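In what follows, a structure is listed as structure tokens, so that the remarks can point back to it.
Nothing in this text is a laboratory measurement; each read-out follows from the coordinates by a stated rule. In this text, all values refer to a predicted model and were calculated from it rather than measured experimentally. Cβ: placed from backbone, ideal geometry, glycine included. Neighbour counts: every protein chain shown.
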Amino acid sequence: MNLEFSADDIAFRDEVRAFIAEAYPAHLRGKMEEGEELSKEDYLAWHRILAAKGWVAPGWPVEYGGPGWTATQRYIWSEELARADTIPILPFGINMVGPVIYTFGTPEQKARFLPPSLSGDIWWCQGYSEPGAGSDLASLRTRAERDGDFYIVNGQKTWTTLGQHADWGFFLVRTDPAAKPQEGISFLLIDMKTPGITVRPIITLGGEHEVNEVWLENVKVPVENRIFHENKGWTCAKFLLAHERTGIAGVARSKRGIERIKAMARAEAGDDGQPLIRDPDFARKIVELEIDLKALEFTELRTLASESAGKGPGPESSLLKIKGTEIQQRITELALEAAGHYGAPYFRGINQDGNAFPIGPDYSRRVAPTYFNMRKTSIYGGSNEIQRNIIAKMVLGL
Ligand SMILES: Cc1cc2nc3c(=O)[nH]c(=O)nc-3n(C[C@H](O)[C@H](O)[C@H](O)COP(=O)(O)OP(=O)(O)OC[C@H]3O[C@@H](n4cnc5c(N)ncnc54)[C@H](O)[C@@H]3O)c2cc1C
């Protein structure tokens, strides 16, 4: 196993680093640092710049618009994006439905959906989970009944991330209620402007509108929008979930997170008036995090080395997901600790005119909403308990 980058890889790293420094829009800089809520335009601005460069979909085959990078180059790319704290490219079109379409779609479906997914002209959302069908996804009940050249879809999806902005959604629907759960499911692409679709916000603990409920009432979907065979949608669903989990460890972004906490702890005084970084207990927590992150990084590099040697990602992606998300959550816990009472989410000062204004250092303002927001990471992409079940079965043979 070789974990060293070659001279070519280092040249590639320098090239992408220079590109990001030049091309990342000035008005977006700092937004991630501050943990600001991102608008649709923010996401699309960076997406379009990368699409124009041909770098928006590193994992796609060249014939569909991918850049033809090696696994190592893709790793370097994600490291550099994190290093520059860029806005993430949303996974729904690029990492999820895009690969399903180029793997299982007809030539017409590829021609229709892949180019606008790359360019950012289609914003996708994921309609998998339902109330009562999350971990046990195959028990989903949203029903699609065939009526000539159409399906008539009725049901409810939930936790639909950024569905309020979506042009299209990819949905798992039940087309054969009599079959075994996995065998009666189909994979449909649905135009979110179709009559009968209602998107309702779910406001999260951090006060953000990131997830939604999607209700479907007699929604007419052309049969030509079905990917792969009727009742064989589970094949596409599983394929997509494997793609969803790659990159979820977020090592590079966590490195940035630890740097931020160190900066906070240098600025913030503890009870003894000394910078918090001098508090041995706080310093120990940071060091423990750094050690765990280093171990995770090497696990990720080992996975990368085996991928470069032609082996696909196996059950170790579950391990990366568990450790990666636990570290992400611990970072937000330490940030909250460093911010102390300034991290209280609704803590405001009142000026002479009676208007509220935020108090405390700038960095403390988003600490609590980010802490709350990051509770999601151990739930989505297959909860960490489910990942432990996978490890028990596939790695430990239990
Ligand atoms: C912020 C956020 C965004 C999301 N975005 C989307 C999206 O865009 N599209 C979409 O389709 N879905 C989305 N999801 C849904 C996500 O995939 C589900 O929440 C997840 O699969 C868990 O399902 P559930 O919420 O129904 O919990 P449940 O499945 O009801 O689980 C409840 C608890 O029981 C545990 N549990 C369940 N089964 C087992 C078992 N067999 N063994 C051990 N423990 C078990 C779980 O780990 C969990 O702790 C999102 C979720 C969140 C939180």
With the crude spin-label approximation of a point 7 Å out along Cα→Cβ, what separation in nm comes out for residue 22 versus residue 395? 4.2
What residues of region 205-239 lie in the reach of a label at residue 179, counting those whose backbone N is under 18 Å from a point 7 Å from the Cα along Cα→Cβ? 223-239
On Cα atoms only, tilt of 7-23 relative to the major axis of the chain in degrees: 90
Would you mind ranking 251, 367, 221 so that the residue whose beta carbon has the fewest other beta carbons within 10 Å leads the list? 221, 251, 367
Working note, region 246-394: Cα radius of gyration (Å, one decimal) and Dmax (Å, whole number) are 18.6, 66
Based on the alpha-carbon set only, what is the convex hull volume of region 7-89 divided per residue, in Å³? 89
Where Rh denotes the Kirkwood radius from the mean inverse Cα pair distance, what is Rg over Rh for region 124-231? 0.97
Angle between the Cα long axis of helix 384-394 and the longest principal axis of the chain, 0 to 90 degrees, nearest 10? 70
Report the residue, chosen from 176, 272, 147, that carries the largest GNM mean-square fluctuation when the chain is represented by alpha-carbon nodes joined by springs under 10 Å. 272
Could you state the orientation-averaged shadow area of the convex hull built on the Cα atoms of region 221-296, in nm² to one decimal? 8.8
If one takes the longest principal axis of the Cα atoms in the chain, at what angle in degrees, from 0 to 90 and to the nearest 10, does the Cα axis of helix 316-339 lie? 40
Working out 0.36 nm times the residue gap between residue 294 and residue 83, then minus their Cα-Cα distance, what length gain in nm do you get to one decimal? 74.4 nm
Could you work out Rg/(2.2 N^0.38 Å) for region 61-165, with Rg from alpha carbons only? 1.31
About the Cα centre of the chain, what is the dipole size in debye to 20, counting +1 per Lys and Arg Cβ and -1 per Asp and Glu Cβ, all else neutral? 620
Quick check: pseudo-label points 7 Å beyond the Cα along Cα→Cβ at residue 238 and residue 53, how many nm apart are they? 3.7
Using the basic label-point model (7 angstrom from Cα toward the beta carbon), what is the residue 375 to residue 39 distance in nanometres? 2.9
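Once Rh is set to the Kirkwood radius over Cα pairs, what Stokes-Einstein translational diffusion coefficient, in µm²/s, holds for region 307-398 at a temperature of 4 °C and a viscosity of 1.567 mPa s?
81
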